[in-house]
Each structure stands twice: as structure tokens, then as C-alpha cells.
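Here the structure comes first, spelled out in C-alpha cells, and everything after it is commentary.
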């Protein structure tokens, strides 16, 4: 296995090397947005750049997920052959910036006024050491409920405002014979749901302390224990076959009306859109009960590498186009997320998108915009994955009580720090 | 390979007419093999050494070259005894033990059994043999996905039997943290046992019929025939099959991913999954490298004594 990987890495770097001699009117982009909706959204950007005379060149990555892309990127950077930009998530940007391979877009940022329009919480990841190193493309938020309206009407439910309301609603669904909660039993989905549970149980202050500041006292507090108890309560409402299910299959259960609700980030809306469902009439988007007014986010960024001077103009053009209002609107309407700058008009967005934009603005102003720990925006990957391990082991029964879960969480996070 | 390239070019004094051409002929195989030998040295053994080196650094996202001691190994050692709740490393190594033992044992037993049955001069052997052999032609990913659907209680076997009316049937190993590793064994055995059968069949065909006849004349029963004569004669095949299976078992990464996505709460991890997760997803390259080194040591500890004992007896 190791041999394969190493040889693969070497081959990848060889390929990257072969692609070296390029002309300056070209943007080399490494990304993993290949599925229908995502590719369509990206075509908007390609069109914008073509108008300015820049050709678009995808850096090919074998395999669909972000992992393969990140491995390829590592090999390219190690070989000293940087793409113009790469799709990146959270701490990865900072890791590469610390390694000194990122470019500097501060001038462009000043000219375009990114400092004011991009939420401060996002700038934590796009600005390193005072320099702009990445252009945020969108903001996803994860504390959403996605509800099938027909099922909700059938069981006579209403929007749950508190966690207890939510449990009562799930009980109603259970009594009516539908699967109350659609969940995919993969560690990141379980942890993504737990992010919302913690915010709901402990409130914004607590979430920030525990999951962004990694404060020991908060992590081992009774509130955290209560959060695990609440998670255990939610898990009693999933169907027996949930383990290992992909997130989009869980969304499909809600779309088809087999299940009432899914707790998932707003990328789930893409699935509803693809199934030709309309927000408000076919499905409903509510904030996770008890988290209204706060937003747990993650964000896709285009990390900008320190390319040779003759490729810098193309890079600036790419960054400017990425954060232009027109692209931010057009892209995010398709992608299901909301713009990464708060001054983009919401006219083209659907009801859920409008709510998302308003919530993001309010959270940004009120200081309740928090990075999702499960999605790698709360703490570095080592910690985030240790957290996902603990949550997943708790959901699947390797960790039996909430007491034990809290102990394990503190231990795992300390060990990974 | 190493013997070819490292052995010196021999002059041939008994033929004084030896020209440049015959020298060249002598050297040609070595020249042709040299590039692949160099590639193997660098990309296999070179990178093994590099991995060992990295495991003693504090490499995170990127390799760092300052030796900082054996903290990575200390962490792994600590996790080895974290049994309740099981640490990911403990899960990985116990799974390796369960999977490795069952996979090798069942493949050998089943392969031998099928080979003996097919060796009974039955009609249609030409059709049956490829049917058993064919799964080996599939990649682990295909095997994994196919078995994932087949074993999924909501899609595959259980659902089908429920539709046929056997509603009490229950088989949810793939969703069960305690049994999911056995589904990996099932899929792995399905894929490899046909190939092992083919190896044994070739071995059986190579056994001298005279020996069998002599034994039968001496009044040996069929069971005794196989127990005392055939199976001992197949010993070299057991060695080859064991080595093929052992390395397949150690490097099964894709099967676990495709079949179980890691299992409920990571309960289906093997050390290779652990290594990939830590190196590339968690940016703990030192820990990942240390686990890779331990995997290598384990396989060396198993294979080398076995090879030694088997190969030493050859020049009897």
C-alpha cells in the first residue's frame, strides 16, 4: 500500500513537471467539483475568465473526492510546480501558507474591499500573517433541518423551536410510521449533526469555547455530557440500516417521504433542487432547533499559490472574478450555499438561500458565526478527526455512556493537539 | 532481481575467442534489467528507508527532516492497550489478526477442497474452472461494492428473502460493529479462493500418477491418500499460496473502504486504513509512517522465518 502511494506520488509529480511550460494567459485550477451541479456552477467562472481572455485549465485529479485532490496537490507543491489556484478547505490553507508556498493577494484585496465584505470569521482562513492567500468562494452552513413538507403536514407537526419540540416532533413521526430522522452513519455526518446539537444544548458562547477554542473545562463540562445525551436521544430515531449510508441517500429518504427530517449542511439543497422540489411547498429549511441566530459554517476557498511573475496577472484575474458579486450570486444559487461576501444582493436566491444570506449577515454582525469542528473549520484536521472518531464511536456503541464520551473526547483532543 | 544485477560480469576464459559481441550478449540481460532494478531500489527500498526516517520526525502535513525521537511510536504503543473504548490503532491491529488468519486459512482450505473436487476428472471442468477463477480478475473496489449491496439489509440478501416470505431472516453483519470485519473476510475469500484453487489444481496435476497407484495398491483409502501423500507433496504450493494471500491481506485497503467505508465507528479499519487516514487526512505524517513501519516489521517477522525454513530444506 505504502509503496503504491509513494510511487503514485512520484508519478503525479512527474506529470506535474511535464505540464510546466505554460503560457501566461491561462489559469491552472485544481478542484474536485466534477458532479453535475458543481461543474455547472464552475462553468460560470470559466465564462467570466474567458471574457477577459484567460483560458481555463483543469489540473486533472484521478478519483472524485477531496482526498485524492489534496494528495495530488501535495505532490505538485513538493515538486515545486504550483497550480494557479486550488480548491482548499480551512486549515489546509493555513498549513500551506505556513509552509511558505502561498501567494499574496493583499493588493487586490484592498482594491476590491474584501476586508469589509468578507466575514471576519472567514478571514481567519483566507488571511495568513496579514496577507490574503485565498479567495473564499462560498459559505455553507451546517445547522439546518431539511424537512419533507408533505410528511410534516400529514403528522400535523410545526416548526420545532427547541430541542424538546424537536424530540416531540420526531415522536409524532415515529407514531405515524415514518422514519423520523434520516442519518447516514458515517463519522463526518454524525459529527456534523453533533455540532448542531452542541450549539443547541450549550448556546453560542459554549460552542465557541469548546469547539473553536478547545477549552478543556468546556469540553469536560456537564453541558458537553448533556449534549452527548441529546445526541443519543436523536440516534434512537434513525432506522436500523443507517450505518455507512451516504449523505445524499439520506437526503433522498427525505425527498421521497420515507423519512421526515435530515440534519445536514445546505449542500443538501442541491439534492432537493436536482429532484425538482421547491422550498416552502415541497420541503422546508429550518435552523436546527435552538440555534436560531447562530451559524456554524464551512467554506470552500480557492487557495492562491506563489506562482512565477508571468502567471500572476492570471491569478489576480481569477481571484477578482471569484469574489465578484455577479459570480458569487450566480455560483451560489446553483451550489446551494450563500455568497462569501455579505454585500451580494439576494434577489436570485430561493427562500432558503435568502434566509441563509440574512442569517450569515446577522451572525457576522452579532459575533455568532462559528467554524464547524466536524467540517474542519473549528480546529486542525488532527483534532477534527479525533473528534469525529469519538462521536462516531459513541453513536455506534463502542463508547457506551456520555460520561465515557466526555472523557474520551478530552483525551483524544489533547492527544491530537 | 538483485542476484541478476549485482552478480559480476563473468569473463569466459575457456573460450579465448570471446569477442566484444559475446561480452555484450552476456551483459545484455543485465543492461535491460538495470532500469527496473534502479527504479525498484529507489521507489521501493529507498522510500521504505525514507518512511522509517519520517517516523522519527514530527512531520505533520509536510515531511519535516529534523529527528525528534520516537514519540510517534510511543503514541502507537499507548494506543495498543487502549481497549475500552477501543482506539483506532487497537481496532486496526486486532482486525488485521482476525482478517489475516481467517482469510488465509479459509482461502487455503476452500481452495484445496475445490481443487481436489475438480481434480476428480469431472465433466465440464473447463467451464467450472474459469467460473471459480473469474473473481480474481475483479478489482477489490468492484468486489467491495458488489458485496456491499448484497450484504446491505435494506437492499440485498435480507431484503430479498423478506420479499420471498422468509421475514424472520436476519443478517446485518455489515452494519454491526462487532461483525463487520467478518464481512470483509467473506468478500475477500470469495475473490481469492478461486485463484488459490487454480494454484492447487496445477499442483495436483503435477503429482506423479504412479505414486498414487502404488499407494492404492498398498490399500490406502482415499482419505489416507490425500492426507499422507498428496497434501505433503503440495507443500511448495502452500508456500506460494500463503505468500500471495499474506501480502493481499496486509495490503487490503480498498476492500475495506469500498465494502464498509471504514465500518460503524471505524470498526472495520485495517492498519493500511489507519496509515492512510493519519498520513493524508489527519496530517500526522509521523504517526502514519510509524504505523507503516510496524506493518512492514510484522510482515517481515512472519514471512522471513517461513521463507527461511521452507527454502533451507530445498538442497537436501
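Against the condition in a helix (DSSP H, G or I), at pLDDT 90 or above, surrounded by 18 or more Cβ atoms within 10 Å (Cβ to Cβ) and within 14 Å of chain B (Cβ to nearest Cβ), how does residue A:411 come out, does it pass? So residue A:411 fails the test.
Examine the stretch A:387-399 for a residue that is free of Cβ contacts under 8 Å to residues at least 12 places away in the same chain, in contact with a helix residue (DSSP H, G or I) (Cβ under 7 Å, 6 or more places away or on another chain) and either away from chain B (no Cβ under 13 Å) or not in a strand (DSSP E or B) (or both), and state whether such a residue exists. Yes, there is a match, as at least one residue in the stretch A:387-399 is free of Cβ contacts under 8 Å to residues at least 12 places away in the same chain, in contact with a helix residue (DSSP H, G or I) (Cβ under 7 Å, 6 or more places away or on another chain) and either away from chain B (no Cβ under 13 Å) or not in a strand (DSSP E or B) (or both). Determine, yes or no, whether residue B:165 is in a loop (DSSP other than H, G, I, E, B) and either within 14 Å of chain A (Cβ to nearest Cβ) or surrounded by 20 or more Cβ atoms within 10 Å (Cβ to Cβ) (or both). So residue B:165 does not fit the description; no.
Of the helices (runs of 4 or more DSSP H) lying entirely inside the stretch A:59-124, those containing at least 2 residues that are within 14 Å of another protein chain (Cβ to nearest Cβ) span A:66-78, A:91-98.
Figure legend. Inter-residue proximity from the stretch A:92-111: first residues at pLDDT below 90, second residues outside any helix (DSSP H, G or I) and surrounded by fewer than 18 Cβ atoms within 10 Å (Cβ to Cβ), beta-carbon distance below 7 Å, spacing 6+ or different chains. Indicated pairs: A:99/B:62.
Quick grid of which residues meet (1) facing another protein chain (nearest Cβ under 9 Å); (2) out of contact with any helix residue (DSSP H, G or I) (no Cβ under 8 Å at 6 or more places or on another chain); (3) without any contact (Cβ under 8 Å) to a residue 40 or more places away in the chain:
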{"position": "B:242", "(1), (2), (3)": "no, no, no"}
{"position": "B:291", "(1), (2), (3)": "no, no, no"}
{"position": "B:296", "(1), (2), (3)": "yes, no, no"}
{"position": "B:299", "(1), (2), (3)": "no, no, no"}
{"position": "B:304", "(1), (2), (3)": "no, yes, yes"}
{"position": "B:308", "(1), (2), (3)": "no, yes, yes"}
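When each of B:93, B:31 is tested for being more than 29 Å from the chain's Cα centre (by Cα), more than 10 Å from chain A (Cβ to nearest Cβ) and in a helix (DSSP H, G or I), the lone residue that passes is B:31. Taking the stretch B:245-289 as the range and being under 19 Å from residue A:190 (Cα atoms), facing another protein chain (nearest Cβ under 8 Å) and not in a helix (DSSP H, G or I) as the test, the residues that pass are B:261, B:262, B:263, B:267, B:282.
Within the stretch B:169-185, at least one residue is in contact with a strand residue (DSSP E or B) (Cβ under 6 Å, 6 or more places away or on another chain), closer than 30 Å to residue B:83 by Cα, part of a helix (DSSP H, G or I) and in contact (Cβ under 8 Å) with a residue 60 or more places away in the chain.
One residue alone among B:156, B:194, B:124, B:111 is out of contact with any strand residue (DSSP E or B) (no Cβ under 9 Å at 6 or more places or on another chain) and loosely packed, with under 14 Cβ neighbours inside 10 Å, and that residue is B:124. When you check residue B:226 against the structure, is it out of contact with any helix residue (DSSP H, G or I) (no Cβ under 6 Å at 6 or more places or on another chain), within 30 Å of residue A:400 (Cβ to Cβ) and part of a helix (DSSP H, G or I), yes or no? So residue B:226 does not fit the description; no.
The values are calculated or read from the model by the stated rules, or taken from the named source; none is laboratory data. Here the structure is a predicted model, which is why all the values come from computation and not from measurement. Using ideal geometry, Cβ is built from the backbone for each residue, glycine included, and neighbour counts are taken over all protein chains shown.
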